[in-house]
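A short worksheet on the structure shown next.
The values are calculated or read from the model by the stated rules, or taken from the named source; none is laboratory data. In this text, all values refer to a predicted model and were calculated from it rather than measured experimentally. Heads up, the Cβs are rebuilt from the backbone with ideal geometry, glycines too, and the neighbour counts pull from every protein chain shown. The protein model used for the area step is the full one, side chains on, heavy atoms only, and it has no ligands, DNA or RNA in it. Shrake-Rupley method; radii C 1.70, N 1.55, O 1.52, S 1.80 Å.
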Amino acid sequence: MSERAPPVTATEEQHDDQETTREEPPESAATEESTTDAEPTPVTTGAESVVRALENAGVEHAFGVQGGAIMPVYDALYDSEIHHVTMAHEQGASHAADAYGIVSGEPGICLATSGPGATNLVTGLADADMDSDPVVALTGQVPTEFVGNDAFQETDTTGVTMPVTKTNTFSSEPDRVGTDVSEAFALASEGRPGPTLVDLPKDVTNAETDREPDEPRTPDTYEVQQRADPEFVDAAAERVEGSQRPVMLLGGGVIKAEASEVCREFAIEHEIPVVTTMPGIGAFPEDHELSMEMAGMHGTGYANMAVTHCDTMIAVGTRFDDRLTGGIETFAPDAEIIHVDIDPAEISKNIHADYPLVGDADTVVSQLAEAVEESPQATKWRAQCQQWKSDYSMAYEAPEDEPIKPQFVVEALDEATSDRAVVTTGVGQHQMWACQYWTYTEPRTWVSSHGLGAMGYGLPAAIGARFAADDDQEVVCIDGDGSFLMTLQGLSVAVRENLDITVAVLNNEYIGMVRQWQDAFFDGRHSASDYGWMPEFDTLAEAFGAEGFRIDDYDEVADTIDAALAYDGPSVIDVHIDPQANVYPMVPSGGDNGQFALTEDQL
Amino acid sequence: MTRDQGLDGPAPDERPTPAGRRNKQGIRIDPEVEARHEPRRTVISALVEHEPGVLAEVSGLFSRRQFNIESLTVGPTDEDGRARITLVVEEPDPGIDQIKKQLRKLLPAIAVRELEPDAMRRELALVKVNAERPDQVAAVADMYDAKTVDSSPQTATFEITGARQKIEAAIETFSQFGIREIARTGTTALARGTDDTAAPTPPESSASEANQQYTQPADDD
Ligand SMILES: Cc1ncc(C[n+]2csc(CCOP(=O)(O)OP(=O)(O)O)c2C)c(N)n1
Ligand SMILES: [Mg+2]
């Protein structure tokens, strides 16, 4: 980077307890040329045991922002092989960790200081909680003797994050602190994954300890059922064999459980049409004949017809979110539901399960595959599904004399990239087009904010995904202008780390999704949805040191995308799309999936 | 700018519609008979690790998920580091099922179960009344086995234990003298005989668990 002198930072600490001066570890001279396989030096402080716990768990990357209360941990990280990515904002750190977790399958790590650092993490934790993504957050905290006194940068972090984490802990013992982190790591990914948080008071991380952290292990009270009750499996298998209109509904849990393979085999062997939820995108190849693609609010018409008319639904790893089900009363109303989920609390939470199969998706679908001996007699049904695929085709019009259709841009990006390219998004219309018009064939290539719907997710997620993805996997962020504005400071990180990512901003100069709803439900009154003006994102990208591109016409699309993808580093394409483009099909909130609208006047 | 024309395909009213329907709880119903689950009151007992924040986790869970809770009590057990939380809740069957499962998911929870309708349930109340008619007050106290805890020229305070119904009856009878203040503990409960209050809820015990019949809890003593 530049040779400018680092800016002098005013010290934030008013309560800094500096009495703990640490001695150099005796072996420090030897560690200079140490490699990863060298015997690790014993820990001497709480902070070192925190970092050791991460190292033991195999952590390679962490995302965070420095600050007073977390400084001891950062000081210990200084000597570690773990690559720390300094983010521009803690929200970015938690989103990056989340995306890292989605793409790699291993918990993503984020760090922040107490108070504002911790509260800035919250959106990303809430997102991970909704989507059951494995994330570990480490937050600094004021020294224990100040806790409860409204000390400088004190926030009740465990209190604030309790509803948005799988579990969290206030770590109060120097001898336990490393093990607390190990446990948080194990809990983030075992069973139903989710975000965990360890709050680290500064006196605890500064304190001396020689306690090495225990192995990552979940506590005894944490029980996870892996195999479903064989009796229920047999009953479900019988139902599958006897069904005439079967559908598989694959949710995000399929991907998390690495069950895509077994689900594919099962569906293909028994020729069962497959629908996915939004987080389930990638669990089944969308170019396969049996694929009906995504169901729900902006799902394909054919997926929603299949869901509405099936007589048997094999639902795997889904929590039946309202964006999927629409109105409960009209969701798969003729179907007996076989529900496979690792979390018993998801069984019959929203949709009654006639066949509750609690367990790991990979294990349970294998059990089911073993139990099903005859394929269902569903030739007519499959023909019907194919008919729906042509009746409700997703084909759109793209007249040359009108502004570029966003669907065309998504298809062009898909065309220009490999099958294993990773897509991240913001939230809004562009996100839906990215679902609908990109053909996903591999798990862990679709990275989005599903349950929380957090604008600003796209760019930091692309950063996290870049570190988790293989070098030959492109990382493309399909963003909205509004969403990009929320976290585009992350470009500074992408440039500093020289990350090969491509951001395509589908720029409609609108809070487009809101504008679409206003046109449909609020008499076209565009209250606070019309930006009317947007910065030039290509110029802005250049100011950050990224490569900027702009597209206004159809004939620029392919070449510009190629150039942006070819650029070795972060690039941003400001694509000026038709501001009037809408997302269809659409099931209004609480509506009947089978009655999806194809045009505005059907709403 | 031209309005978006949307996609082609048969309009909603040209599509086939399914015959079935579900109720609000996601259970398939005969469209003719709108089956609904009525709320019922029951006692849920949870054995938990006695550590800071457990109570906040439990109460946070109930408010967050809008579970209807009537009372919550907590206290240590015979085992070090373990506490028992007793909850009286009022929900339809699927809600009660959710409460049990969500409680079980809390990390400090060791065992969660719904007690049988015949479980022993007790509550303690302190009732402070005006003591202008001491003889009559004493007679009422006697009727409900209430113990005198404190008396002054103006007031008498009684301790009443028993099932909720008994306490409510006592309070109502005492009210003729003028009640100055009341404090109630909420219900605590144990399973009867060799039935183990801390026995964990079995996993998904039956395919139609949410539809099962329930028996009205017997009024305790
Ligand atoms: C953090 C956050 N704030 C507000 C919203 C509400 N919201 C949903 S979509 C949307 C519009 C997003 O605009 P843009 O990113 O430009 O996407 P577009 O719909 O135009 O493609 C808004 C404001 C949200 N989802 N997240
Ligand atoms: Mg927009």
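Numbers at a glance
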| item | result |
| --- | --- |
| Segment A:331-347, residues that are over 15 Å from A:Ala228 (Cβ atoms), touching a strand residue (DSSP E or B) at 6+ places or on another chain (Cβ under 7 Å) and not in a strand (DSSP E or B) | A:Phe331, A:Ala332, A:Pro333, A:Ala335 |
| Residue match in segment A:364-382 (condition: crowded, with 21+ Cβ neighbours inside 10 Å and among the hydroxyl-bearing types (Ser, Thr, Tyr)) | no |
| Residue ID - nearest to the other protein chains (Cβ to nearest Cβ), chosen from residues in segment A:531-542 that are more than 12 Å from ligand 1 (Cβ to nearest atom) and aliphatic (A, V, I, L, M) | A:Leu540 |
| Subset tally (residues that are in contact with a Gly (Cβ under 8 Å, 6 or more places away or on another chain) and on the phi < 0 side of the Ramachandran plot) for segment B:133-156 | 1 |
| Number of the exception - B:Glu90 against (1) under 18 Å from the mean Cα position of the chain (by Cα); (2) open to solvent by less than 40 Å² (accessible area, probe 1.4 Å); (3) modelled with pLDDT of 95 or more | (2) |
| Single residue of B:Asn23, B:Asn68 found to be surrounded by fewer than 20 Cβ atoms within 10 Å (Cβ to Cβ), touching a helix residue (DSSP H, G or I) at 6+ places or on another chain (Cβ under 9 Å) and more than 12 Å from every other protein chain (Cβ to nearest Cβ) | B:Asn68 |
| Some residue of segment A:570-584 being over 23 Å from A:Lys405 (Cβ atoms) and away from ligand 2 (no atom under 16 Å from the Cβ) | yes |
| Unique residue being under 23 Å from the mean Cα position of the chain (by Cα) and either of a type in the set (Val, Ile, Thr) or outside any strand (DSSP E or B) (or both) when the list is A:His298, A:His288 | A:His298 |
| Enumeration of residues in segment A:410-427 that are within 24 Å of A:Asp471 (Cα to Cα) and buried (at least 21 other Cβ atoms within 10 Å of the Cβ) | A:Val410, A:Ala412, A:Leu413, A:Ala421, A:Val422, A:Val423, A:Thr424, A:Thr425, A:Gly426 |
| Segment A:439-462, subset surrounded by fewer than 21 Cβ atoms within 10 Å (Cβ to Cβ) and more than 9 Å from ligand 1 (Cβ to nearest atom), residue farthest from the other protein chains (Cβ to nearest Cβ) | A:Glu442 |
| Filter result (open to solvent by 10 Å² or more (accessible area, probe 1.4 Å) and more than 10 Å from chain B (Cβ to nearest Cβ)) within segment A:327-360 | A:Asp341, A:Ile342, A:Asp360 |
| Residue among A:Gly480, A:Gly490 that is within 16 Å of ligand 1 (Cβ to nearest atom), out of contact with any His (no Cβ under 6 Å at 6 or more places or on another chain) and not assigned by TED's automatic domain parsing to the domain that holds A:Phe63 | A:Gly490 |
| Residue match in segment B:111-131 (condition: assigned to a strand (DSSP E or B) and within 13 Å of chain A (Cβ to nearest Cβ)) | yes |
| Unmet requirement for A:His576, which otherwise passes all of (1) surrounded by fewer than 21 Cβ atoms within 10 Å (Cβ to Cβ); (2) away from chain B (no Cβ under 14 Å); (3) in a strand (DSSP E or B) | (2) |
| Matching residues in segment A:460-487 - criterion: being within 13 Å of A:Glu90 (Cα to Cα), touching a helix residue (DSSP H, G or I) at 6+ places or on another chain (Cβ under 8 Å) and within 16 Å of ligand 2 (Cβ to nearest atom) | A:Thr487 |
| Hey, B:Ile85 at the interface with another protein chain (Cβ under 9 Å from one of its Cβ atoms) and part of a strand (DSSP E or B) or not | no |
| Qualifying residue in segment B:38-61 (condition: among the hydroxyl-bearing types (Ser, Thr, Tyr) and open to solvent by 80 Å² or more (accessible area, probe 1.4 Å)) | no |
| Every pair of residues 6+ apart whose Cβ atoms lie under 9 Å, when the first sits in segment A:582-600 and is at the interface with chain B (Cβ under 9 Å from one of its Cβ atoms) and at pLDDT below 95 while the second is outside any loop (DSSP other than H, G, I, E, B) and open to solvent by 30 Å² or more (accessible area, probe 1.4 Å) | A:Glu600/A:Ala520 |
| Among residues of segment A:426-437, those that are away from chain B (no Cβ under 14 Å) and either within 12 Å of ligand 2 (Cβ to nearest atom) or without any contact (Cβ under 8 Å) to a residue 40 or more places away in the chain (or both), counted | 5 |
| So A:Thr161, is it of a type in the set (Val, Ile, Thr), open to solvent by 10 Å² or more (accessible area, probe 1.4 Å), within 29 Å of the chain's Cα centre (by Cα) and farther than 30 Å from A:Val275 by Cα | no |
| Test: residue in segment A:547-563 that is assigned to a loop (DSSP other than H, G, I, E, B), within 28 Å of the chain's Cα centre (by Cα) and more than 18 Å from A:Tyr437 (Cβ to Cβ) | no |
| Residue check for A:Ala528: within 30 Å of A:Ile82 (Cα to Cα) and either within 16 Å of ligand 1 (Cβ to nearest atom) or not in a loop (DSSP other than H, G, I, E, B) (or both) | no |
| Identity of the residue in segment A:532-553, out of contact with any strand residue (DSSP E or B) (no Cβ under 6 Å at 6 or more places or on another chain) and more than 15 Å from A:Asn507 (Cβ to Cβ), that ends up least open to solvent (accessible area, probe 1.4 Å) | A:Gly545 |
| Restricting segment A:501-525 to residues that are more than 8 Å from ligand 1 (Cβ to nearest atom) and buried (at least 18 other Cβ atoms within 10 Å of the Cβ), the residue that is nearest to the other protein chains (Cβ to nearest Cβ) | A:Asp519 |
| Residue list for segment A:387-399, restricted to those being outside any loop (DSSP other than H, G, I, E, B) and either open to solvent by 70 Å² or more (accessible area, probe 1.4 Å) or facing another protein chain (nearest Cβ under 7 Å) (or both) | A:Gln387, A:Ser390, A:Asp391 |
| Number of the exception - A:Ala504 against (1) near ligand 2 (Cβ under 10 Å from one of its atoms); (2) over 25 Å from A:Gly590 (Cα atoms) | (1) |
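A quick yes/no check of all residues on (1) in contact (Cβ under 8 Å) with a residue 24 or more places away in the chain; (2) open to solvent by 10 Å² or more (accessible area, probe 1.4 Å):
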{"residue": "A:Arg227", "(1), (2)": "yes, yes"}
{"residue": "A:Leu250", "(1), (2)": "yes, no"}
{"residue": "A:Val274", "(1), (2)": "yes, no"}
{"residue": "A:Glu286", "(1), (2)": "yes, yes"}
{"residue": "A:Ser291", "(1), (2)": "no, no"}
{"residue": "A:Thr300", "(1), (2)": "yes, no"}
{"residue": "A:Met305", "(1), (2)": "yes, no"}
